[in-house]
Amino acid sequence: MRKAFIAGNWKMNTNLHSAVVLAKEIAEGCADVVHEGGLTVAVCPPALYLSAVSAALSSSPVALGAQNMHFETTGAFTGEISSAMLKDVGCTYVILGHSERRHVFGESGTMINKKVHAAISAGLLPILCVGELAGQREAGETEAVIERQLHEGLSQVGVEKMAAVTIAYEPCWAIGTGETATPQQAQEVHAFIRKTLEGLYDRSLAQEARIQYGGSANPGNAAELLEQPDVDGLLVGGASLKGADFVAIVDAAG
Ligand code: PGA
């Protein structure tokens, strides 16, 4: 049985004070449902606030994640943050290959793959994002794009390492636009991702892999997205910045 996984991606939002307030609100609001052990909840604040949010979550089952990292462990990489640093401040998860990293900051599939390897080696659990652009969907290229991103992102990631990995399907046209994929559109691609994982690995791994949906998920659409057989959770952007909304989404998964 796959355990539902709800993660909040705060992106470049909040300040030191509001990040701590939000973390506490989420920890309190999710305490009962997460304690029951049926699902995983994580928040991914801006890197600068990871330590403060980690402290705010200290007695809570809500896990901490980062939004990005560099693939080298230490060295002359001005402005970058390593997997070891993320571990140091209490991160369990790290989002990798988010569409904004791919399309705004030009991250390549090769670079994202290096990050996946570095994260797993450091004991972090990567959330590997994949998703097509609007034009790619219109051109009927969705499956080809997703397949390529999975092949690139998971290159040389063996079966034994895959237990660490969550996949997030985030169609770029649905991110921050208010235009959510329909539950059917999400299900179709999630089933395709599972089929691709079966081809890359085996059936039991594909059945166990957790696949989140992301892109304008909110309290109003969470339940019907989560009802889909291959949707195992949500990666929530905008709606994760409001404590009550994020808690309502977690409740929908609980
Ligand atoms: P959104 O963002 O929920 O604001 O669309 C999702 C994401 O980018 O992870």
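The values are calculated or read from the model by the stated rules, or taken from the named source; none is laboratory data. Keep in mind it's a predicted model, so treat the numbers as computed, not measured. Here the Cβ is made from the backbone with ideal geometry for all residues, glycine too, and neighbour counts use every protein chain on show.
Per the conditions (1) part of a helix (DSSP H, G or I); (2) more than 19 Å from the chain's Cα centre (by Cα), the sole criterion not satisfied by residue 59 is (1).
So which residues in the range 144-176 are of a type in the set (Ser, Thr, Tyr) and either more than 16 Å from the ligand (Cβ to nearest atom) or over 18 Å from the mean Cα position of the chain (by Cα) (or both)? 155, the sole residue that qualifies.
Highlighted here are the helices (runs of 4 or more DSSP H) found entirely within the range 140-254 that include at least 1 residues which are under 25 Å from residue 122 (Cβ atoms): 142-153, 159-162, 183-200, 203-208. Every condition in (1) among the hydroxyl-bearing types (Ser, Thr, Tyr); (2) within 16 Å of the ligand (Cβ to nearest atom); (3) in contact (Cβ under 8 Å) with a residue 12 or more places away in the chain is met by residue 182 except one, and the failing one is (3). Of the residues making up the range 105-139, those that are in a strand (DSSP E or B) and within 16 Å of the ligand (Cβ to nearest atom) number 5. Restricting the first member to the range 80-99 and to residues that are touching a residue at least 60 places away in the same chain (Cβ under 8 Å), and the second to residues that are outside any loop (DSSP other than H, G, I, E, B) and of a type in the set (S, T, N, Q), the beta-carbon pairs closer than 8 Å and six or more apart or on different chains are 93/166; 95/9; 98/9. Filtered by the rule that a residue be in contact (Cβ under 8 Å) with a residue 40 or more places away in the chain, surrounded by fewer than 22 Cβ atoms within 10 Å (Cβ to Cβ) and either within 14 Å of the ligand (Cβ to nearest atom) or closer than 14 Å to residue 146 by Cβ (or both), the range 197-208 gives a lone residue, 200.
Given the condition buried (at least 21 other Cβ atoms within 10 Å of the Cβ), of a type in the set (S, T, N, Q), within 13 Å of the ligand (Cβ to nearest atom) and at pLDDT below 95, answer yes or no: does some residue in the range 229-243 qualify? No - not one qualifying residue is present in the range 229-243.
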